Each structure stands twice: as structure tokens, then as C-alpha cells.
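Structure record follows, encoded as C-alpha cells.
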Amino acid sequence: MPNFNRTTVTAALIYANGPIHIGHLAGCYLPADIYVRYLRMQKKDVVFVSGTDEHGVPITIKAQKEGKTPQEVVDHYYKVIKDSFSEFGISFDIYGRTSDPVHHKLSQEFFKKLYDEGKFIEETTNQFFDESANQFLADRYIVGECPSCHQPGAYGDQCEKCGTTLSPTELINPKSTLSGNSPILKPTKNWFLPLDQWQKSLEEYVSGHPEWKSNVSGQVKSWLQEGLKPRAMTRDLNWGVPIPLPDTEGKVLYVWFDAPIGYISMTSQLTDDWEKYWKAEDSRIVHFIGKDNIVFHCLIFPAMCMAHGEYQLADQVPANEFMNLEGDKISTSRNWAVWLHEYLEDFPGKQDVLRYTLTALSPETKDSDFTWSDFQTKNNSELVAILGNFVNRAFVLIDKNFDSKVPEKTAGAGLEEDMMKQVQAILEPLSNALEQYKFRDALVAAMEIARIGNKYLAEAEPWKLIKTEPEKAGTVLNYAIQLVAHASIALEPFLPFTSEKLRKALGLNQAEWSKIGDFNLIEAGTSLKNPGLLFEKLEDDVIQKQIDKLQETKKQMELANKKVPEIKETASFDDFLKMDLRVGQIVEAVAVEKSKKLLQLKVDDGIKVRTILSGIAEHFKPEEVKGKQVTFLANLAPRKIMGVESEGMILMAEGQEGELVFLNPSSPIWNGAKIS
RNA sequence: GGCGGGGUAGCUCAGAUGGUUAGAGCGUUGGAUUCAUAACCCAAAGGUCGGCAGUUCGAUUCUGCUCCCCGCUACCA
């Protein structure tokens, strides 16, 4: 284990096709920021790098939908995202972007070196090509009928209706979304990184890090067990980093090739000394990511770096799981999210409240759930009741009794030794938790200072001492203010805005970790500026508003997603007359063997009893439909389904949730009645 | 289907190379108190540690099976 002299901290490059929400913050950026702030407070050499990932297919699709250029789309979101982070105090040293020329250049150099040294394999494969648009089609650009559920409109990589993972060639009757034409298969050359050749080195790398979190090493080992395969590092696309080779018009680097290089290129824009942060053996690299990025950061990027040969591999990859919202998965497309820019509008100045709640509920070991009710509780019973209250008590007591000046320390209440021991006792667990990326635990430990303070005041009772032994009361309040100073330091990584307010009130210039444990940090006689209430209670109606807002978007999304299908082309009166619609009665119903959906019905049509198969088994049990009068199409050509001849079709209406409703007469009528 | 992660108090989560009374915060209940945003402080109640079986003197902790949640991945059509 080398001795590390500096730390390079990266937070995942976020994809620049939408604003950011609490899940992003909780999963990646907040833990990274807490860690970095902790290191800086110890005066460690650290760089904190992140930015937006601005290449790839989804951005081109979004641009096309909005009638903009891809560059316009990413310019917009780069600003939105960067501003949100900045407002929440995520203290990047640099926040870059992969569309930057500096990034293009470094990525190309990286690629070129691997190419020149023969680290890639070239392979020509057949890909769908749109002749009228004159370009190869990414999976998402191809739609067709899903081979699994036969719904039209499935994408080339996945059918959103049934969730099946697809490859474009599996689609039935594929169409290009660019032109609507049928694409042709055309050979194209791409460059693959033979991950299989790096399998052994990667296994050694991973097994050299037994300290990695179980969710990280678990997933990585799962991939290694399956055996790695060559992976294309280039794509046929015209939005991205151009391949630095001749005759590669219309080809770019795969986003997952250039994105991690972004960490490096962004560092190079921060400092001329950037190389040591990535190449020196005494530099420690830490990637903060969400669990969706594990494979790229623990296998693919390391393989790239091994192939390149000059860069250090990550020492730690503290990937978090996902945060849900009110029990449902956060989803940008379904608008099921708490957006940071909206939060700031609704809760101005309350960045630290969200930071606190998200840290306390952080998905460190498993998926977690953010609820507004938790948010309210954390605010009211921890920030207000424990921290805010303690700080307020200390300041108010000194304001009232000592003219806002820190009193002298003389004889105390006899509790001071014990109180300081309690503070000492939390320091090691606090540092350990921070160093081991256990920020939830660390936050609890840091808050303990305020709890100790509340208890100390309750037991020392300075408001009583002031009447009888004022110098003792003064001593107690001196200690109390030292505790406030401790809190301002210990909480800085988590609550930077609050911490700064406290430092201003105490006249402290900076938060230095080494000052914790120093109970003479604030000198007697110092004039205090009461910061006022640090946090305010959140009443039920404010919280309810947020819950209502979510419910409302949920409803709207449901409505938007359930569009009324368009009316089919005009049918002539004769067409209509052709259909013989009748009322009949189900006299018998049985499930069809080997079928999930079908019920075999015997329907009395007034003349005879006919057999009709109906795809309603998932909605109705046979006994439920027996005896029902229904409407059916009587002259539909008979058809054999699952070996049984079906003579007609039962008419059903389909609801928004896919539920089925019988169309039956509103009052009983004779079987065989004609419908017109 | 395979693999990985997780299923521990009402809620959010810790923890145990197997061993006398399984922890924290919030919530609840009771008490004390009034400097403080009815906050703080003290105390208590509350869990057959997902289910079944096995190994063991002893398992919630190990093994097997099983159910549920999350993720990755395959195959079939």
C-alpha cells in the first residue's frame, strides 16, 4: 500500500439531457462533497472534479425532438446542472464538460495511443443504415414490432411495453425514426477493446481491493465470472468526439470511452500540474458514482488505463445504490422526482435541510426511500430541536446575561471533565466513518456534539447559577460556546451553509479539523453576533403541498401517457352493415389449457350455443363471467386458436390501466338481439 | 433462468470470525424542567433479526432450500 500524498476525487459525469434531482445528489454528489470538504479541512491536497457528459444518442434524439442542435441542448443543461450544484454547495474545483475542445483533444490522444500500439481490434459488422438520411442508426433510432409482445413501437434496444431487451435486428418490420423508411443492413468498421485480454489483470486489480463495498465488488465479480468480451469503443454517429483516424467520417468515440477520460481532461483545465493527480503513484483516485456506473468505473475504464499504461487505477469506488421517492423509483421521463431547482424555489435558503435529509437517508448499502414526511421529521426533530435549539440556547443565554460577550472560564459546574470526555469519544468514530465513506454514521456522530451540548446545559442549569454563582454560569456558557464552535467544524462537510453562519457568529475564520478538541477555541471576551434561528419548523401544510404536487404530476403523467388512440380511417355504411353485432349469453366458461389469456366461452346466440375464445383470463375468472349477457361479433370468420375453433368475438372496452370492461345491454334482453 | 445486493424494533437504518440482557436516531408512553422554535433532559415499552430445514453444546450470525424487493445478465418465442 503506497503512501498517498494527494487525492483525486471524481463525481460521476452527469448526462446533459435534463435537470438534476435529489437522487443524483444523494447518490453521488453529496457524499463526494462531504468527503472532499473533510479532506480540505485537514489541509490535504485534493482536487474535486466533475462535469457533464454531453455526447451520445439520447442527446441527439432530444435535440431532434425539440428542433435544436445537440450543442444547444447541452449548453442549456450544462448551465442548469452547474447552477444547481453550485447552489447546493457542491464544491467542485472544476465543473467541466465533454464537448470542450480540450476534452476532445485528450480523448483523441488517448484513443490514438491505444490504436498506434495495437490495443484495439478492428471488426466489421452489419448495422442498420438509413439511406435517405445517409447515416447509420443507433439502436434507439430504430422502431418496429416487438418480437416478444408484438406491440408496435418497440425500440432497437428495448421494448418499453414488455421490458424485453432487444437488438435492432430482432425487430419485426424495423423503421428508421429519422425518415420512417425501412433501413438496410450495411457493413461498418468499428474498434473494439478486447476486455477479455485484460480479464486477468482486472481480476488481480479487483481482488487487490477487498475493502470495496459489497455491492461494488459483488457486481464486478459477477461480470468477471461471466467472462469479459470485446466491447466497441467507437460508434457510427456524428455527435461526439471524432475518431482521430483517416476515413472515419461519421464515426465517433463511444461515450463510455470518452466520458471517464473527461475526469482527466477536466483536471487538466484546472491546473497545469494535472498529470500528477492521475499518473503519480502517490495519488489516490476515488470515483463517487451511482450503482449504474459500477462496471464502467471498475472494469472498462481500468482496462482502458491499463492499455494506455500511464494512468493510475482508482483506489476506491464508493458507489451508492438508488434513492426512491415516496416508494416509487425516481424517473426523469415520468417526472417522478424532486428537482433541485424547484426545491430551491419552494424552500429558499434551506439547502442544508435537504443536504441533511439526503445524507441521513443516503442509499449507502441498499436502495432507500425519500419521503416528504421524513424530510419534515428530520428538519423538525433533529435540525430544529437538537442543533438549532442548542445553538440558540447558548447564544440567548450569553446575550441576556453577559452582554453578548463570551464569559471567562473559572470554576465550572463540575460536569466539564465528563462533557469533554464525551466529545473526545466521538472524534475517532467520526473520522473513521468519514474515511470509510459511511456518511450516515458520520452525520449522526457530528450531531452528537449538539446532543452533548443540550445535555450539558440541562444538567449545569446556568439559568439558575446566574442568580447565585454568576461566574460558574459564565464558565458553563463559555464551554457551551466552545461546543457550538465544535459543531460548526464537525458539521461543515454536511451543512456548509449553517457552518458558515456559525463561524461568522463566533468570529472564526475557517473550519479546521485539527481544532476539534480545543476547548479554548473561542477566547473569553469575544463579541458574539447571534445568528438567529438556524432552522425553522416545517408545518404540515407546507409538506402536504409537496406531496400534493407529486400526486398531481403523477396524475398528469398518467393522462399524458394514456393518449386516446386516433380514429381509424373512415368506414362506409356498407362496411358497417357487414358487421353483425348481437347480444348473447355466456352459458359456460372454462380456462384454456396452456394459455394465460384465453377463456373458452359457450355463448347462447338465440339460435344455438357457439364457442368463442376470448383473451380475458387475466381479468376474469370463468365463474365470474358465467351467465353474463354480452355483445359479440356474430359473423366474424371462424378461426382456430390454441386448437379450438372460435366463432366470433366478445366486445370489450379497455380502460387506462389495461383493465377490461364488458359491453353488455343495460337491461336484460333476449339472446340473439341485433345491435345497430 | 443465472449471478450479485438486500430482507433486523411502528419508521429509517447499524451490527454480529456463532456464545451471557441484538443496537442508534426518529416515533410512542411516563417523568422532570422552563434558558430555548411546547423545544431540551431522564426513563420505559416495543424485535421468535423474511420463512422452513440442517450443522452445532448453542445460530439472528454458518450451510441448503424457499418467499419478497432491487440490480446486472442470458435464453426462448
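Remarks
- Angle between chain A longest axis and helix A:416-435 axis [Cα atoms, degrees, rounded to 10]: 40
- Reach of A:Lys674 by Cα under 30 Å, taken over lysines that are not fewer than 8 positions away in the same chain: A:Lys568, A:Lys578, A:Lys597, A:Lys602, A:Lys608, A:Lys621, A:Lys626, A:Lys628, A:Lys640
- Kirkwood Rh, angstrom, segment A:509-559 [1 / mean 1/r, Cα pairs]: 16.1
- Projected label distance in nm at A:Gln71 and A:Lys421, using a 7 Å step from Cα toward the beta-carbon: 6.9
- Ranked by how many other Cβ atoms sit within 10 Å of their own Cβ, fewest first, the residues A:Met649, A:Met447 fall in the order A:Met649, A:Met447.
- Calculated FRET efficiency, A:Glu131 to A:Lys105, Cβ-Cβ distance, R0 = 56 Å: about 0.95 to the nearest 0.05.
- Note on A:Ala232 and A:Phe322: their simple-model spin labels are 2.6 nm apart, each label 7 Å out from Cα toward Cβ.
- 5 Å binning of all Cα-Cα separations within segment A:64-117, expressed as whole percents from 0 upward: 4, 15, 17, 16, 16, 14, 11, 5, 1
- Ranked A:Lys229, A:Lys529, criterion: other C-beta atoms within 10 Å, fewest first: A:Lys229, A:Lys529
- Counting 0.36 nm for each residue step from A:Asn432 to A:Lys113 and taking away their Cα separation leaves a gain of 110.8 nm.
- Cα-based reach from A:Lys554 at 21 Å (exclusive), listing lysines while leaving out same-chain residues under 8 positions away: A:Lys161, A:Lys329, A:Lys545, A:Lys562, A:Lys563
- Set of aspartates and glutamates near A:Lys229 by C-alpha distance (under 18 Å), chain-local residues within fewer than 8 positions excluded: A:Glu122, A:Glu123, A:Asp196, A:Glu203, A:Glu204
- Folded to 0 to 90 degrees: helix A:70-87 orientation relative to chain A principal axis, Cα: 40
- Entry note: chain A has Rg to Rh equal to 1.09, where both radii use alpha-carbon atoms and Rh is the Kirkwood radius.
- If R0 equals 41 Å, the separation of the Cβ atoms of A:Glu87 and A:Ala411 corresponds to a calculated FRET efficiency of about 0.30.
- Helical contribution to [θ] at 222 nm, DSSP H n ≥ 4, -39,500 (n - 2.57), averaged over chain A, rounded to 500: -12000 deg cm²/dmol
- Pairwise FRET efficiency - A:Thr468 versus A:Asp282, Cβ, R0 = 35 Å, nearest 0.05: 0.05
- Least to most buried among A:Phe662, A:Phe288 (fewest other Cβ within 10 Å first): A:Phe662, A:Phe288
- Taken as Cα centroids, segment A:289-345 and segment A:234-252 sit 26 Å apart, rounded to the nearest whole angstrom.
- You can think of it this way: the chain between A:Leu185 and A:Glu645 has 161.5 nm of extra reach, that is 0.36 nm per residue less the Cα-Cα gap.
- Extended-chain gain in nm, criterion 0.36 nm per residue less alpha-carbon gap, A:Asp273 and A:Asp541: 91.2 nm
- Taking each of A:Lys455/A:Lys501; A:Lys62/A:Lys501; A:Lys378/A:Lys555 in turn, the alpha-carbon distance tops 31 angstrom for A:Lys62/A:Lys501.
- Peptides ranked, highest mean first, by Cβ atoms within 10 Å: ranges A:515-528, A:430-443: A:430-443, A:515-528
- Here the simple spin-label model places points 7 Å from the Cα toward Cβ, and for A:Thr611 and A:Ala653 these points are separated by 3.2 nm.
Computed from the coordinates by the stated procedures, all read-outs in this text should not be read as laboratory data. Since we're looking at a predicted model, the values are computed, not measured. Neighbour counts run over all protein chains shown; Cβ positions are idealised from the backbone, glycine included.
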